[in-house]
Amino acid sequence: MTTNVRTRGGGPATGRPASRRSHGEGPFKFISTAAGVLLLAIMAAIAVFLIAEAIPALQANKGNFFTDLIWEPNGSQRFGILALAFGTVLSSALALIIATPIAVGVALFISHYAPRRLAGPLGYLVDLLAAVPSVVYGLWGVMFLVPLLREPSQWLNDTFGWFPLFAGEGAIGGKTMLAGAVVLAIMILPIIAAISREVFLQAPKMNEEAALALGATRWEMIRMAVLPFGQPGVISAAMLGLGRAMGETIAVALIFPATFDISFQILTPHANSIAANIANGFAEAGQIGRGALIASGLVLFVITLLVNMGARLVINRRKEFARAGA
């Protein structure tokens, strides 16, 4: 006959008083709360610094900061963020579109298809790619990728020139939005793949085995049991990759030409971003110029914050739909 012995608080006995078992709960709660508050304080401090440094330049601006396509803070003191914000969003979106399907495929191969002897080294290799310095990617893009993309860019222009993204006249190839987007995609691919792999490995094994027992193929099992479970994690991984792409500086500074116009033609030399413009112009900037660059950094900060908030909203809705379906 088995008797469950319970403590005064109602829990099973473990040989130690309840007060001793929970002795570390208070300090841990305090440390974790303090860490969260510290993070919010740091973000608020960054925002305050950017706003304080940007206000004098914005007051001295002789144009419209949100609509002008001119960047001359050190000359005519007229500058606008529209072209730079457009280039930042377009290049990051293209990189995300290129990298996400490949990263999810790599994650699925490592987690559910590759033999165990191959999955381990391949996972380490993917993680290692995330540790490569961005300047190495930039130099590789300038020296190898840019010349390599000339002929494919010309073929895309000749074949699909009717589509706005691949249209263009004059110089096709070279330092273009496409080249920068490919480099950014290679940079964010390891991040998305590594996080997605860990999420897919956490999928309930009982659901996978039940699908296989009912006669599903491996792909059908993945589609029914793994992908729905891992969808919020993949979205989070993609948003982390998007944030990395938006904030990347050195690689895009080496590849993007310093243009300040809005163009959907990704095969022509019309590309720039906020981070690349800051890297290229900060050393030669005067007082107004530095303030203008800091103001552009504030815009990048806001864009990244809005993207992350939108991603969190999507993830929360997915979780609510999953709970409702369950």
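The values are calculated or read from the model by the stated rules, or taken from the named source; none is laboratory data. Note that the coordinates shown come from a computational prediction; the quantities given were computed from them, not determined experimentally. Using ideal geometry, Cβ is built from the backbone for each residue, glycine included, and neighbour counts are taken over all protein chains shown. For the accessible areas, the whole protein counts, side chains as well, though only heavy atoms, and no ligand, DNA or RNA atoms are used. Shrake-Rupley method; radii C 1.70, N 1.55, O 1.52, S 1.80 Å.
For Arg150 and Asn64, FRET efficiency with R0 = 41 Å and r from the beta-carbon atoms, rounded to 0.05? Show your work: numbers first, answer last.
Working: r = 37 Å, r/R0 = 0.91.
Step by step, r from the Cβ atoms, then E = 0.65.
Please determine, in degrees from 0 to 90 and to the nearest 10, the orientation of helix 177-201 with respect to the longest principal axis defined by the Cα atoms of the chain, where the helix direction is its Cα long axis.
Roughly 0 degrees between the two axes.
Would segment 101-239 count as rounded, prolate or oblate if I go by the C-alpha gyration tensor, calling it rounded below 1.5 in a/c and otherwise prolate when a/b exceeds b/c, oblate otherwise? Please list the in-between numbers first.
Numbers: a/c = 2.96, a/b = 1.89, b/c = 1.57.
The shape class here is prolate.
What is the magnitude of the charge dipole of segment 63-190 about its Cα centre, with +1 placed on the Cβ of each Lys and Arg, -1 on the Cβ of each Asp and Glu, and no other charges, expressed in debye to the nearest 20? Please report the intermediate quantities before stating the final value.
On the way: 5 positive and 6 negative charges, 86 e Å.
Dipole size: approximately 420 debye.
Quickly estimate the mean residue ellipticity at 222 nm for the chain, helices only: each DSSP H run with n ≥ 4 gives -39500 (n - 2.57), and the total goes over all residues, rounded to 500.
Values: 13 runs with 211 residues, N = 326.
Theoretical 222 nm ellipticity from helices: -21500 deg cm²/dmol.
May I ask you to derive the FRET efficiency for Ile31 and Ala130 from their Cβ-Cβ distance with R0 = 25 Å, giving the value to the nearest 0.05? Don't jump to the answer; show the numbers that get you there.
Working: r = 28 Å, r/R0 = 1.12.
So the FRET efficiency works out to roughly 0.35.
Taking the Cα centroid of segment 252-312 and of segment 129-146, what is the distance between the two, rounded to the nearest whole Å?
Their Cα centres are 19 Å away from one another.
Rounded to the nearest 20 Debye, what is the dipole magnitude of segment 167-326 about its Cα centre when Lys and Arg each give +1 and Asp and Glu each give -1 at the C-beta? The partial results should precede the final answer.
Working: 12 positive and 9 negative charges, 96 e Å.
In debye, rounded to 20, segment 167-326 gives about 460.
Please give the contour-minus-distance gain from Phe49 to Glu198: 0.36 nm per residue of separation, less the Cα-Cα distance, rounded to one decimal in nm.
Numbers: separation 149, 0.36 × 149 = 53.64 nm, distance 3.67 nm.
Gain in length upon complete extension: 50.0 nm.
Within segment 103-200, list the chymotrypsin sites (Phe, Trp or Tyr not before Pro) lying in a DSSP loop whose Cβ has at most 13 other Cβ atoms in a 10 Å radius.
Numbers: sites: Phe109, Tyr113, Tyr124, Tyr137, Trp140, Phe144, Trp155, Phe160, Trp162, Phe166, Phe200; in loops: Trp162.
In loop regions of segment 103-200 (DSSP not H, G, I, E or B), the sparsely surrounded chymotrypsin sites (Phe, Trp or Tyr not before Pro) are Trp162.
Based on Cβ point charges of +1 for Lys and Arg and -1 for Asp and Glu, what charge dipole magnitude is obtained for the chain about its Cα centre, in debye rounded to the nearest 20? Show your work: numbers first, answer last.
Details: 23 positive and 16 negative charges, 360 e Å.
Dipole magnitude for the chain comes out near 1740 debye.
Which entry is the computed log10 I(q)/I(0) by the Debye sum over Cα atoms at q = 0.08, 0.10 Å⁻¹ for this structure: [x] -0.37, -0.58; [y] -0.49, -0.71; [z] -0.53, -0.76?
[z]
Rounded to whole Hz and in sequence order, give me ³J(HN,Hα) for segment 105-121 from the Karplus expression 6.51 cos²θ - 1.76 cosθ + 1.60, θ = phi - 60°, writing x for Gly and Pro.
Here the 3J(HN,Hα) series is x, 4, 5, 5, 5, 5, 7, 9, 10, 5, x, 4, 5, 8, 5, x, x Hz.
If you roll a 1.4 Å probe over the chain with all protein chains in place, what percent of the accessible area is carbon or sulfur? Provide the component values of the computation, followed by the final result.
Numbers: 12410 of 18660 Å².
Of the solvent-accessible surface of the chain, carbon and sulfur hold 66 percent.
With the dipole of the chain worked out from charges on the C-beta (+1 for Lys and Arg, -1 for Asp and Glu) around the Cα centre, which of Gly138, Ala99, Leu214 lies farthest toward the positive end?
Comparing the listed Cα positions along the dipole, Leu214 ranks first.
Could you go through segment 152-169 in sequence order and give the Karplus-derived ³J(HN,Hα) for each residue, using 6.51 cos²θ - 1.76 cosθ + 1.60 with θ = phi - 60°, rounded to whole Hz, and x for Gly and Pro?
Here the 3J(HN,Hα) series is x, 5, 5, 5, 4, 5, 5, 8, 10, x, 6, 8, x, 5, 9, 7, x, 10 Hz.
As an exercise, identify the GluC sites (Glu not before Pro) in segment 159-256 lying in DSSP coil whose Cβ has no more than 11 other Cβ atoms within 10 Å.
Values: sites: Glu169, Glu198, Glu208, Glu209, Glu220, Glu248; in loops: Glu169, Glu248.
Here the GluC sites (Glu not before Pro) that fit, given the DSSP loop and packing criteria, are Glu169.
Under 5 Å between amide H atoms, partner at least 5 residues away or on a different chain: which partners does Phe79 have, H built in plane at 1.01 Å?
Amide H neighbours of Phe79, under 5 Å, 5+ apart: Lys62, Gly63, Glu72.
Any idea how far apart Phe264 and Arg223 come out in nm if each label point goes 7 Å out from Cα toward Cβ?
Those two pseudo-labels are separated by 3.2 nm.
Under a plain spin-label model, where a point goes 7 Å from the Cα along Cα-to-Cβ, how far apart in nm are Leu306 and Glu169?
3.3 nm
If you take the charge dipole of the chain about its Cα centre, with +1 on Lys and Arg Cβ and -1 on Asp and Glu Cβ, which of Ala203, Ala245, Thr259 is farthest toward its positive end?
Towards the positive end, the residue furthest out is Ala203.
Given the options Ala52, Ala185, Ala44, which has the most mean-square fluctuation in a GNM of the chain, springs set between C-alpha atoms less than 10 angstrom apart?
The residue that fluctuates most here is Ala44.
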